[in-house]
Structures are given as C-alpha cells and as structure tokens.
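The values are calculated or read from the model by the stated rules, or taken from the named source; none is laboratory data. Just so it is clear, the structure is predicted and the values come from calculations on it, not from any experiment. Note that we place each Cβ from the backbone using ideal geometry, even for glycine, and neighbour counts take in every protein chain shown.
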Amino acid sequence: MASSSGDVVSLMRAALAAEADSQRRSEKKSAPMAKLVSGTRTRQSGNNRIYRFRKASWPALLQAERGLLVSAKPTGPWSPVSESEPVGSMIQLTCQVDLDQTAYVREDPSGSLHKLSEALDSLPAERRQRAGLVMGTGNPRVSRSANAAALTTKFDELNPAQQEAVSKALASEITFVWGPPGTGKTDVIARIVEGSLRQGLSVLFVAPTHVAVDQALERICDLISNLDQFRDGLVRRVGGAQVQSLIDKYGDVIDPERVLARLAGPLDDKITNLRNRQTELSSRLQLREEADALLAELRELTTKADQAANQYNALSAEVARTQSMLATAHSRAVDAQSKRFTLPGTVEKRQDEYYRASHAVQLAQAAFSAADGVVQQARARLPQLQRESARAQSAAGAESAKSLRSLLQSVSTSLQQAGAERAQLDKRLESSCKLAAMTAQRSYQGRMPAETPDVVLVDEAGMVDLPTAYHLTSRAHRRVVFAGDFRQLPAVVVGDADNKASEQNRILVRDWVAKDAFHAAGVVGHGGQVLEDRRLVRLDTQYRMRPQICALVNAVAYPDAPLRTGRKDFSTVTSSALLSAPLAVIDTSGLPVPDRSTYRNDVHAALIREYIRLLQGNSVLPARRATNTAPAQLAVIAPYNQQVKLISGHLKERLGEEFEGLVDTVHRFQGSQRPIVIIDAVTGSGALGVFFEKTGLGSTTCRLLNVALSRAQHHVIVVANFRHMRSKLRPDSEVLIMLDHLVRHAQQISPKELIPIRTAAELSALSTEDLARPAFFPADETDQAISWDFDRATREVKIFCPFLHDRRISRFWATLTSAVARGVRVTVVTRGTSDHVEHGPIIAKLASGGIEVTTRDQMHEKLITIDDVLWLGSQNLFANTRATELMTRIVSATACAEALRTAETAQPTRPRTSPPPGNRIYLNTTYEEKELVKKLGARFDGQRKKWYVDRSNQHLDQLSRWLPPTD
C-alpha cells in the first residue's frame, strides 16, 4: 500500500496508463476505422509530429472528439493522437510516431481513462486526504442516526439489516452496504438518499450503468415526490435517462431541459404578454399622437381660415375705398387738365394723386386675391382634415398621450424585470438541484451541479474500479456510501489478464484499477471472504428467489454468509412437467460435441430451442408469432457472444421474430430478474473456456455464475455437459459445487425428452413440422439418413472431413454425383496431399465427378451442411473408421451459417510447416482457372500469390497446360 496520497494517485495513474495500453490492444477488429492518404509532415515540435492527411474514408460512427488512435498499418500498433483538427476534406493530426503517406485512425477505447487520470491528478491535497477513506486510512466516524425512522418512508417495513444499513449511512462518514441479489438493496439506497435530502443535504448518486442509475432513481423519486421543490429542479438526471418507465413517470422533473421549459413556461407567457402589451401601447400612443397632431392642424387651419376671411372682408372694403379714391383722383386730374388757367403744379399734383390711387388699388386687389386664395384653400382642406381627425380620434381612444406614455413606461419596466428573472432561472435551477444522478464515468467528465456534494452514494460498487471510487470519495463533503455486492460482476478491466502486457503492469492494474472499494477499504479479505468490520452492513434476507434457487446460490457464492429467504415458495409460471421443480438440468453428456469450439455448441442451442418449443406447447410461453407478445417471463443466458448469437438465431426461427433482451451474456442481465432463466454452460470438447476456469469466491467465474443463477425468480434450468466439465474442473471450483448441488436437488430432464432418437426409415414418414425438429441418429443409421438428405438437396452440400477413404467415397458416390447433376454445388473440405499423400487419387476422383475439393492443412472439423440441414458429431463421413456416438441432425439456416463460419475460419492446431520450395511446382494459371486447378489438388501460396502442386501430384498430365516450360 502506498504511504501517502501522492503515492496513491501516482500508482493509480500508472495503472490507468497500463490499462489504457491493454484496452487499445484488445479493441475489436470490427471497430470503425478511417483511412487517410496523401500524408505530409508539416512540422515537428519536440516529440510531437504534426501531419496533414486527406480523408480517403471516414465511417460515420468514428467520432474524433472521443479521442483517436493512429497507425501506419490497419492492424496496428496503435498510438494516441494528442490533437486532431479537420481542415475541409483534410485532417491535421498530432502524434509521437513516424507515419508515411498512408495512415489509419480509429477511436481510442481508453479515452475515459485519460480523463479519469487527469481528474485524479488535479485533486487538491484536502480532497486526496478525504479520498483516503476508501483506502482504509484515517479513523472515520461510524454511528447510527437516531431519527432514521422520521427521515424515511415506511422505515418500519424494512427488515433489521436494512434498517441498520439506513441508520448507519445517515450518520457515518463512510458506510459499506453489502447487498447480495434480491436483498432489497435498492430499497435501502432509496431511503438513504431520501433521508439525506430530508436532512437538508445535497446528494450525488452514481452507478456503473445507465440502467442501474435509472432503476434506482425511479425508486428514489417514488419516496421523495412530496418534497418541496421536487417539481422545481430538486432532482437532476445528468446525461439523460434511458429506462422508459422512469422517463414516463418522472421525466418532466428529472430532465433539466424539461424542468426549465416547464418552470419557464409561465414566465415566458408573462414576457410574451408584456411584449404584446408593449406593442399595443406603442401602437396606441402613436395613434394618439397622430390624432393630436391632426387636431392641432385642424385648429390651426380653422384659425387661419377665420383670419383669412376677416382679412378678405377688410381687403374687400379697402379695394372699394381705393377704387373710389382712384375715381376721384382720375376726375380731379381730368378736371385740372381741362382748365386753361390753373395754379402752377396743380396738374402734376392731380396726376400724382391719380397714380398713387391707382397703385393702391392694385395693391388692394392683390392682397384681396391672396386672401381669397387662402380662404378657398382652407375651405377645400377643412372637410378632409375634419374627417381624418375624427377617424384618428376614434382609433386613438379616450386616453391621453400622457396616460399612454405612463402605461408604456410601466410595462417596459415590468418586461425588463421579467427578462432579468428569466435570465436567472438557469442559475436558480442549478442551486435548486440537491440530488444529481449519473453514471460513475460521467462523474469525472464535465461540470457537475455540485462539485463537492454533502453525500456521495455509489450503487453497484463492486463494478466500480478503484480510481473512480477514489475520485468519488474525494468529492464527498460529509459522507460516502458504497452499496453493492463484491461477489457479483466486477469492474470491466482487461489489463490484469493481458498476456501482451508485462507482469509488472498486470499486477499494477490488478492492485490499482481492478480492485473495488470493498477490497481497497479492507472490509473484504484477499480471498474474497467477508471480514467483521463496523463500516460494513450485510443485507441477509433475499426476496427474489425460491428457497431451492437461493440454496444453490448460497452453495456457489455465499457459503460463508448464506442468505435467508423472505418469500414464499411458489411459482407464478403456468404448470408444466418441464418445470416441476425450481431447479432443472439438461445433462448433455454423451451427446455429439463440437471438436474444439469452446464458445459455441450447436447441440445445446438445438436443445434450448426444443425446450422452449415444448414450453410454448404447454402455454408457459407465447405461441409462435403471437401478436405483440414477447416471452417476458424468460431469459436465456450464455457465457459467450458466439453462443448468444447462435441461440438468438434459433429462437428467432422458433418465435417468428427477434426479441431484445431474451438471449444475452451475463453482463447484460445484471440488475434484472425473470421467472424462468435458462443457463447454457456451453463448452467444447477441449478446454472449458475463461468463464469456468477461475476458482475462489472473489474469482470472475464465481461472480459471473452468481449473477446468472440469481436472475431467476421461480425456475432455473442449466444445460451442461456434466461429464466433460467434471473431467476438466479443479476440485475447488465453484462450478463443480454447482454441478454437485444440481445432481442432488434438480429435476433431471433427458435430452432425449427434447430431441428424439430416430432411424433413417422414419424420415420419409415425418410431417413437415417434425422433420424440421432436431433429432439424434445412432451411428448405424447415420449413413442412410445423410444419404436421404443428399437425395433432397436443392442448393448446396458442404462436407468437412479431414480424412478420405475410397471405400467410403464409393458409399456415397451415386447420391452425390446425382446431386451434382441436378445443379447442386457439392464441396468437400479435407486435408491436402502434403499431409496425406493417399488423398491425391481420391481428390482426383471427386473432381472427376464434379465435386469441388478444398484442401486445408491440419483441419479437424467434422460437419455436413445440406441446404439448411446441419449434421454434427464425431463421425468423419469419408474416413475408414466409424464412430459409435450419436449424430445430431438440426434444421436451421442460422445453425448452418454459424457452423460454416466457424469451420471456415478455424486455424490449424499447430504451426504450419511449409514443404521445401523445391518440392513445389508453381502453375501459370489465371484467376478464372483457379477452380479447375483446385480440383486437381492445387493450393495457393499466399506469399508468392501463385497456385502450386507438389511434385508427387498424381495429375501432372492433366496439369500440363499450366506447368512452366522448365518442368
């Protein structure tokens, strides 16, 4: 153990780096990969090389933001890309390896590990000290809450162990709740969260998977739905809920976007109404101002018209007066001119008077005309202006402009205040959140509602790696609770078993990544045994499984701490002779076994298919193609994906469609339960496989087996080859304990009850339905039964048999050549003449009959496919030796496809030894002619990319046109 928090973080970061390397090596070959071309190195900075490539291909599923790996070859080795930047159709990469013009990139599967490492490195000293609690350091307060009953709902309905767990978790600095399957751990967790919230504390709730988070959160919400602010952002599901029942029931209160939309709705409506009111008042004010302007103009024009009229009248009198003056002046001027004797200057004076009077008349007439024009214009404009003013007054209403301006100012102020309140709503929601729920991985990625919540509660803690548990503990301001079962699924880690990693790195990953919080804190011993510790509370009563199933689980996983059963012994499943007891076994000992495949077994898949068919016949499960009816009572669990795929294909054919969640691996069923569980303990004829090879209560074998068995509520059925497994298992194996317990306590279902033993003569008399069912055939019936299928082949026959004998070929010659004549493609896959010289003439004979022959060194597979019919067993059809075991006939397109895929991709059991090049004759053949030379025993040299035959080949005369001139 490291001596300081700094040492701990350094070791964890080193272990995470080692795990990242292992994850990169173990990434699936099917992972999306992009090809980059036209690469150039633009510059180098220290160890960093900066390249620019053109994207030749870029799968849609490949997302650069998640982190990339780059390699000069599509098969690796892979190196991390520290930076990537798209530039149009180009991409710029920064890495520390030399690349050529072509490179390949794929997503870095270890991206989250780097973020976790950075999060650990950035922890301040005080938080590292706090995190030491999960490492067993310090002297944490362990106590019990005196008012747990008042803080939680229906506390008195919990059993004593559950009450103890809640009471401790509400008062202790660190609490470990050991919750084996069906013990009500989720009920305990929900009440711990409820009690913490009622104490006024903030809570961070995490679990390894979205499903685990959502299932627990739904139970929590059921208990706290009456709390203040429950509908106002109290709970936040960070990352988005995925379980539909939670979404349907509480989606509007746990989704921050939906909460914001709901809370902001009235405020947004208010803002909309205020804006509409503002627009209305602005419009009315504009109309009021326009009406007032028109009224003022009308008044001004009326005044102007009145003034013009007065002036008109005055000017009219003035014109008359000046005209009178002009007439007088004119008369006096004429009179002065007519007298012979006048005073000097009189005539000039009278003429001047006349001119002045004449000018006055002109001025008066001009002014009169102007006044008359104004009057006429005003009289013309006034009616229109009066109408416009009247309309404007009507539209503007009675309120004055001053009143409208006051109202508008008030509305604008209210709108400004509402806008400010809306802007603060996000912050208010952030502060309202007292329960944040998310996956454990999300907890160290991105910003959290509360960086240091009062309480951190980790569910399914046995599946959480140590660095994540350490980081989560560092965030807890007051209390941390780890709840889970260290004897169920462990954290998903590959580096502790990576054969390509150094022993030092494997140990580093095992000790500092793969370890869970229970082991790190010291409440569990190295061998997986539970220790007496005041920090630990064990939930000891289960309510899921019938007593007999619980007894099996106890024998396998809890021998030192057996669970009690708190439910009655009954089954809700329709009665059936195939389910007469809680435990049942289908022992496949003595049945045909695939040669080497550890990960798939066609006979097991066929037995499970037939078992389900009979359950349908007994109305236990829905009938085939029942409308919108999934077999929800059933789960089929297999250790490996290959077997899952095979069984899924069988059941799709049986049920008429594929149902999600019906068949899967153990990991996929964690956290779920079903009335009926079928467990396929699939093995081949060799090693048992990684699922079964470990021993010990803390081993992955025990933990996975525990999960598989404990999913069952009423019935568990185990399909296994007991004889073969017993021969391979260690005496201390938990798998062996399971087998022994089942032999003593389980209902024994013979495979022959599910798959009948038939004779070849029966085939012709069978109905179409019965003919499609699997069947066993004794060895002495096999030849005739297979010939019966050969005679009915319509598309393709493929025979895998390592050894050939002319007598056996003759036995089937007529039926096979007849099939070829009907247009059926017949192929034999066997060992070549380099392994068996005697095969040469036989291969030639097969080729002469139109039968294709493919040779493969060291092959061992023995199977036959005839259209959609699969024959399995130890019989080598064309060999001179005869098997005595049963052969299995399975009618399934899925089984045929999977069997062929496995057989065609099988590798030799030992390294291939190439014959000396001098023993080969390389042929001058085209691609189109390859099938012809293959029939004559030619093989392909992958390195030289040429077809060749051995010098001992019996058909050199037939190969003469392809032989090189020197030969």
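Some observations on this one:
- ARG506 fulfils the conditions (1) part of a loop (DSSP other than H, G, I, E, B); (2) under 30 Å from GLY76 (Cα atoms) except for a single criterion, (1).
- Filtering the stretch 240-299 to residues that are over 27 Å from ALA423 (Cβ atoms), exposed (fewer than 13 other Cβ atoms within 10 Å of the Cβ) and under 24 Å from the mean Cα position of the chain (by Cα) leaves GLN244, SER245, ASP248.
- Residue check for GLY832: over 45 Å from the mean Cα position of the chain (by Cα) and either buried (at least 16 other Cβ atoms within 10 Å of the Cβ) or outside the structural domain of PHE800 (by TED's automatic domain parsing) (or both): yes
- Looking only at the stretch 190-237, residues that are within 25 Å of GLY462 (Cβ to Cβ) and either in contact with a Lys or Arg (Cβ under 6 Å, 6 or more places away or on another chain) or among the polar types (S, T, N, Q) (or both) come to 4 in all.
- Pairing residues of the stretch 140-155 that are buried (at least 16 other Cβ atoms within 10 Å of the Cβ) with residues that are of a type in the set (D, E, K, R) and not in a loop (DSSP other than H, G, I, E, B), at Cβ distances under 6 Å and at least 6 apart in sequence or on separate chains, gives LEU151/ARG198; THR152/ARG191; THR152/GLU194.
- The set of residues in the stretch 213-233 that are aliphatic (A, V, I, L, M) and modelled with pLDDT of 95 or more comprises VAL213, ALA216, LEU217, ILE220, LEU223, ILE224.
Residues checked against (1) assigned by TED's automatic domain parsing to the domain that holds GLY76; (2) at pLDDT 90 or above; (3) surrounded by 13 or more Cβ atoms within 10 Å (Cβ to Cβ); (4) over 34 Å from the mean Cα position of the chain (by Cα):
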residue	(1), (2), (3), (4)
ALA14	yes, yes, yes, no
ALA18	yes, yes, yes, no
ARG24	yes, no, yes, no
LYS29	yes, no, no, no
GLY39	yes, yes, yes, no
THR42	yes, yes, no, yes
SER45	yes, no, no, yes
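- For the stretch 198-216, filtered to residues that are part of a helix (DSSP H, G or I) and in contact with a helix residue (DSSP H, G or I) (Cβ under 6 Å, 6 or more places away or on another chain), the residue that is nearest to ALA476 (Cα to Cα) is ARG198.
- Per-region count, the stretch 680-706, residues touching a residue at least 24 places away in the same chain (Cβ under 8 Å) and either surrounded by fewer than 22 Cβ atoms within 10 Å (Cβ to Cβ) or over 30 Å from PHE570 (Cβ atoms) (or both): 17
- Residue identified as in a loop (DSSP other than H, G, I, E, B), closer than 30 Å to THR468 by Cβ and out of contact with any helix residue (DSSP H, G or I) (no Cβ under 8 Å at 6 or more places or on another chain) among ARG544, ARG567: ARG544
- Counted residues, the stretch 823-864 - those being of a type in the set (Asp, Glu) and over 23 Å from SER952 (Cβ atoms): 1
- Residue match in the stretch 258-266 (condition: β-branched (Val, Ile, Thr) and modelled with pLDDT of 95 or more): no
To keep it simple, each residue is scored yes or no on (1) surrounded by fewer than 16 Cβ atoms within 10 Å (Cβ to Cβ); (2) among the hydroxyl-bearing types (Ser, Thr, Tyr).
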| position | (1), (2) |
| --- | --- |
| ARG66 | yes, no |
| THR75 | yes, yes |
| VAL81 | no, no |
| GLY88 | yes, no |
| GLN96 | yes, no |
| ASP100 | yes, no |
| ASP108 | no, no |
| LEU116 | no, no |
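- Residue, nearest to the chain's Cα centre (by Cα), within the stretch 427-481, restricted to residues that are under 21 Å from GLU126 (Cα atoms) and among the acidic types (Asp, Glu): GLU451
- So ARG387, is it in contact with a helix residue (DSSP H, G or I) (Cβ under 6 Å, 6 or more places away or on another chain) and not assigned by TED's automatic domain parsing to the domain that holds GLY195: no
- Qualifying positions in the stretch 729-751 - of a type in the set (D, E, K, R) and surrounded by fewer than 20 Cβ atoms within 10 Å (Cβ to Cβ): ARG730, ASP732, ASP740, ARG744
- Evaluated against (1) in contact with a strand residue (DSSP E or B) (Cβ under 6 Å, 6 or more places away or on another chain); (2) surrounded by 23 or more Cβ atoms within 10 Å (Cβ to Cβ); (3) of a type outside the set (S, T, N, Q); (4) assigned to a loop (DSSP other than H, G, I, E, B), ARG487 falls short on exactly one condition, (1).
- Subset of the stretch 396-420 (residues that are part of a helix (DSSP H, G or I), more than 21 Å from ALA264 (Cβ to Cβ) and of a type outside the set (S, T, N, Q)): ALA396, ALA401, LYS402, LEU404, ARG405, LEU407, LEU408
- Scanning the stretch 632-671 for residues that are in contact (Cβ under 8 Å) with a residue 60 or more places away in the chain and under 14 Å from VAL707 (Cβ atoms) yields ALA635, ILE637, PRO639, VAL666, HIS667, GLN670, GLY671.
- Among the residues of the stretch 720-728, some residue qualifies, meaning at least one is surrounded by fewer than 22 Cβ atoms within 10 Å (Cβ to Cβ), out of contact with any Asp or Glu (no Cβ under 7 Å at 6 or more places or on another chain) and among the hydrophobic types (A, V, I, L, M, F, W, C).
- Tally, over the stretch 66-96, of residues that are hydrophobic (A, V, I, L, M, F, W, C), in a loop (DSSP other than H, G, I, E, B) and within 20 Å of THR40 (Cβ to Cβ): 1
So that you can scan it fast, the table gives a plain yes or no per residue for (1) within 30 Å of ALA293 (Cα to Cα); (2) modelled with pLDDT of 70 or more; (3) in contact with a helix residue (DSSP H, G or I) (Cβ under 8 Å, 6 or more places away or on another chain):
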{"position": "SER331", "(1), (2), (3)": "no, yes, no"}
{"position": "ALA336", "(1), (2), (3)": "no, no, yes"}
{"position": "ALA401", "(1), (2), (3)": "yes, yes, yes"}
{"position": "ASP426", "(1), (2), (3)": "no, yes, yes"}
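- Residue selected from the stretch 450-468 under the condition in a helix (DSSP H, G or I) and among the aliphatic types (A, V, I, L, M), by the criterion farthest from THR209 (Cα to Cα): LEU466
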